[in-house]
1. Long-range amide H contacts for residue 363: which residues qualify at under 5 Å (H placed 1.01 Å from N, peptide plane, sequence gap of 5 or more or a different chain)?
2. So how much slack lies between residue 291 and residue 36, counting 0.36 nm per residue of separation and subtracting their Cα-Cα distance, in nm?
3. Can you list residues from other chains, or at least 5 along the same chain, whose modelled amide H is less than 5 Å from the amide H of residue 335?
4. For the chain, take the longest principal axis of its alpha carbons; what is the angle in degrees between that and the long axis of helix 71-80, to the nearest 10 within 0 to 90?
5. From the P(r) of the range 146-289, could you give the percentage of C-alpha pairs in the tail past 18 Å?
6. Using each residue's phi in the range 374-386, evaluate 6.51 cos²θ - 1.76 cosθ + 1.60 at θ = phi - 60° and report the 3J(HN,Hα) Karplus result to the nearest Hz, with x for Gly and Pro.
7. Taking θ as phi - 60°, what are the ³J(HN,Hα) couplings along the range 264-273 by the Karplus curve (6.51, -1.76, 1.60), each to the nearest whole Hz, with x for Gly and Pro?
8. On average over all directions, what projected area in square nanometres does the chain have, based on the convex hull of its Cα atoms?
Amino acid sequence: MAEVVQERKQRQNEPFCAYLHDLDALKVQTASRASSLPEFFKLFYAIKANSEEAILRALAPVVHGFEVASLGEIKKVRQVSADIPILFGGPGKTEAELEGALQHNVHLIHVESVHEMNKLNAIAGRHNKKVSVLLRINLKGPLPQAKLAMGGRPTQFGIEEEQLPQAMEQLQQLPNLQVEGFHFHSLSNNLDAEAHAQLVRYYCSLARRWAETYGLSLRYLNAGGGLGVNYAELEQQFDWNHFVNQLGSLVKEAASPDMMIYFECGRYITASTGYYAAEVLDIKRNHGKYYAVVRGGTHHFRLPSSWQHSHPFQVITVDEWPHPYERPSLDDEKVSVVGQLCTPKDVLAQDVQIDQVRVGDILLFPYAGAYGWAISHHDFLSHPHPEHIYLESNAEIGGGV
Ligand SMILES: *Cc1c(COP(=O)(O)O)cnc(C)c1O
């Protein structure tokens, strides 16, 4: 990626700032993961992690489908594929969104509350349809520790486990809903493959028990996303092979042609093949600390600030210095990387030991492909947006998003 950045920098005078996505790597890696899953397990991509069209086009042929959380996301998916399976979840779905979901032929709707069941049943009735749903359940816990937990504690997500009997009773009154199984998405960024496999096992045992209790035929269990990316130690990533091996032993007990298990991963699919690159505009000392100010910042790449971590980066050297004034440089020091916003929260990396960094060099942040641009407040302060570069088999598609 460093060569691509250096080469592109040579073609322009403006300070460099871009997202770069290696679509070939994205396709190969995702296809390999999807095909390594045991039989009856399917991989979906949760598009909120990065819903850019080029990303969805690259992924559509290699994943089983897409998970979405709004009508806007449904439309983005239908833009790239008329028939790929869609799972539709998220709290507070409006009538228009549910209507849209039926119109766009989504595969399953994850209902998040009893009120939502009633609402969807009425809409389905108007269309004379029986709609397939999964009930999203927020478990009592305790669940494995995670930096971001959607379940196992009070949140706005899902039907609480204690309320399941009432929800099941209410379903008797709702002839236009067909419960096909359960949905769980309890945590995000789990790095422990063993714990995650156990969590899936736990979901399966609960779903089996409930199916028996309520006389349901379970066709799907959605075990959510939440497979993690280790931003602190890039060499120590989620152990996919171990996870898949553990799932293998689950097959006999749980998954079968009658009951498929779905994953809907976001971060784990797009993080590692995306990069954010930003040119150093200034280097300064302030009260004994060093700062490198880059073209860009958290309005492009809010992930480090949202997760409150120091994001790893690499210095890409740019030797040209066409200016008549002196080139600032910092050697063998600790430096914090900050952006151009007028807030001390605009920090991408903190107190990182570097050999050398100069104004005009470019900092390359890896693992930026998920929850980067997608969650950032792009127009705060009205600075220019980064370029979006999609690299694909020697062809490249540039341009805005
Ligand atoms: C965000 C989300 C996902 C994806 O989460 P990751 O942690 O990125 O894998 C999956 N399912 C639901 C319901 C979500 O809200």
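Bear in mind these aren't lab numbers, they're just calculated from the coordinates by the rules spelled out. A quick note: this is a predicted structure, and the numbers were derived from the prediction, not measured. A quick note on method: Cβ atoms are made from the backbone with ideal geometry, for glycine too, and the neighbour counts reach across all protein chains shown.
1. Amide H to amide H, under 5 Å and 5 or more residues apart or across chains, residue 363 pairs with 278, 279, 280, 316.
2. Numbers: separation 255, 0.36 × 255 = 91.80 nm, distance 4.43 nm.
Gain on stretching residue 291 to residue 36: 87.4 nm.
3. When sequence neighbours closer than 5 places are left aside, the close amide H contacts are 351, 352, 353, 354.
4. With rounding to tens, the tilt is 80 degrees.
5. Numbers: 6720 of 10296 pairs.
Beyond 18 Å sits 65 percent of the P(r) for the range 146-289.
6. For the range 374-386, the Karplus-derived couplings read 4, 10, 9, 8, 3, 9, 4, 6, 6, 7, x, 6, x Hz, x marking Gly and Pro.
7. Taking θ as phi minus 60°, the curve returns 10, 9, x, 3, 5, 8, 9, 4, 6, 9 Hz for the range 264-273.
8. Over all viewing directions, the chain projects a mean Cα-hull area of 20.9 nm².
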